[in-house]
Amino acid sequence: MEKICEWLTKHVKSNNYNLTCEHLLNENVTIEKIKECIDNKGCVLFRTYQKCEHYVLLTDYDKNNFYLWDPYYLDESYYNNDEEVKIDFDHPFKYNRIVTIKRFLSPNKKDFSFNLNNKRECVLFNKSKRST
């Protein structure tokens with residue numbers, strides 16, 4: 001993810017795009033930074049777990065849940081027996097998974113756990129102010 005962030009930063013600067021990205025690791029990844037990014041109309045790319053390392057995009061949150069866009073296609077019933085994860089096909093351009101924040105922060109190896117062995121990684125994407 002660090003290389004993606006580096007490449008995007010160079011590409012954005014050379015093409016005058018309205019985007020910034022910030023790569024965060026371990027203790028630098030905080031809920032406060034994540035929520036601030038989303039509150040500023042950004043999104044966050046995460047390395048998470050789904051039977052192996054997996055990447056998802058966080059696009060929104062509320063008091064109890066994170067709203068993720070996951071590139072894997074799964075049947076709508078895949079998480080029927082999991083109270084902490086739901087598949088949502090009604091918002092394809094915003095999110096397709098609803099995951100409890102509790103699950104996301106769990107150190108256990110369950111789908112969409114993020115805090116595995118305190119090895120956290122994400123990239124914050126935000127709109128930047130255009131220079132004139």
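The values are calculated or read from the model by the stated rules, or taken from the named source; none is laboratory data. All values reported here derive from a predicted model rather than from experimental measurement. Note that we place each Cβ from the backbone using ideal geometry, even for glycine, and neighbour counts take in every protein chain shown.
Descriptive notes on the structure:
- Of the residues making up the stretch 55-110, those that are among the aromatic types (Phe, Trp, Tyr) and assigned to a strand (DSSP E or B) are Tyr55, Tyr61, Phe66, Tyr67, Trp69.
- Scanning the stretch 25-37 for residues that are modelled with pLDDT of 90 or more and buried (at least 19 other Cβ atoms within 10 Å of the Cβ) yields Ile34, Cys37.
- Screening the candidates Glu53, Glu76 for the property of being surrounded by fewer than 19 Cβ atoms within 10 Å (Cβ to Cβ), closer than 23 Å to Thr30 by Cβ and either of a type in the set (A, V, I, L, M) or out of contact with any Asp or Glu (no Cβ under 6 Å at 6 or more places or on another chain) (or both) yields one hit, Glu53.
- Scan of the stretch 118-132 for residues that are in contact with a Lys or Arg (Cβ under 8 Å, 6 or more places away or on another chain) and modelled with pLDDT of 90 or more, ordered by number: Cys122, Leu124
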